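Enquirer: Here you go, one structure.
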Amino acid sequence: MNTTLVMTIIGADRPGLVESVAAQVAGHGGNWLESRMSRLGGQFAGILRVEVPQSRELALVQALKQLDERGLTIVVQPDQGRGQVAPPRLYVLEIVGQDRPGIVREISGVLADYNVNVEELATECISAAMSGENLFKARATLGIPRETDLDAIRSKLEKIAEDLIVEIKLAELK
């Protein structure tokens, strides 16, 4: 019987970080199922999901904790899954506008009010081509419950877009 684990990893960026985790997973008979990883600043961070024989789970977790000695912090949790809930409608939210504090807080507040799950989020600040001002860009994949009023969400997001002077696009993921 297999068990599925979700883990977060973070450490000072350097070659070989992913390999050190992958070697432990494979060495304990595990299978790397999915991951999202990135270098931000001088740190490397990621989240991943692996499957491992139940009889090898404890040994894998202990081996991963030993990577702390090499500057890699790993937190391991059992995969709880979603249960028997109807899958949400998936949408993509894109935001572009002049950077200012509070954009993520304002948008995420509306999403939380409507029980929308942020499945994935990527943000960045870039220099605008003509003016050189900092532009904030975000792209999120959202899980919107089927019973949620999509027009109400759009209306609230459009109001925030006006207040923050950002452009917001919400489209169904196909």
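The values are calculated or read from the model by the stated rules, or taken from the named source; none is laboratory data. Not measured: the values here are computed from a predicted model. Note that each Cβ is placed from the backbone with ideal geometry, even for glycine, and that neighbours are counted across all protein chains shown.
Enquirer: Name, by its number, the condition in (1) touching a strand residue (DSSP E or B) at 6+ places or on another chain (Cβ under 6 Å); (2) of a type outside the set (Val, Ile, Thr); (3) not assigned by TED's automatic domain parsing to the domain that holds residue 11 that does not hold for residue 158.
Expert: (1)
Enquirer: Inspect all residues belonging to region 3-23 and state whether any of them is in contact (Cβ under 8 Å) with a residue 60 or more places away in the chain and among the small types (Gly, Ala, Ser).
Expert: Yes, there is a match, as at least one residue in region 3-23 is in contact (Cβ under 8 Å) with a residue 60 or more places away in the chain and among the small types (Gly, Ala, Ser).
Enquirer: How many of the residues making up region 91-101 are over 14 Å from residue 158 (Cα atoms) and more than 19 Å from the chain's Cα centre (by Cα)?
Expert: Residues that pass the stated criteria total 4.
Enquirer: Right, next: Has region 49-58 got at least one residue that is out of contact with any strand residue (DSSP E or B) (no Cβ under 7 Å at 6 or more places or on another chain) and among the hydroxyl-bearing types (Ser, Thr, Tyr)?
Expert: Yes: region 49-58 contains one or more residues that are out of contact with any strand residue (DSSP E or B) (no Cβ under 7 Å at 6 or more places or on another chain) and among the hydroxyl-bearing types (Ser, Thr, Tyr).
Enquirer: Counting just the residues of region 134-152 that are within 21 Å of the chain's Cα centre (by Cα), within 16 Å of residue 92 (Cα to Cα) and hydrophobic (A, V, I, L, M, F, W, C), which one comes out surrounded by the fewest Cβ atoms within 10 Å (Cβ to Cβ)?
Expert: Here the answer is 138.
Enquirer: Please verify whether region 98-111 includes one or more residues that are touching a residue at least 60 places away in the same chain (Cβ under 8 Å) and assigned to a strand (DSSP E or B).
Expert: Yes, because at least one residue in region 98-111 is touching a residue at least 60 places away in the same chain (Cβ under 8 Å) and assigned to a strand (DSSP E or B).
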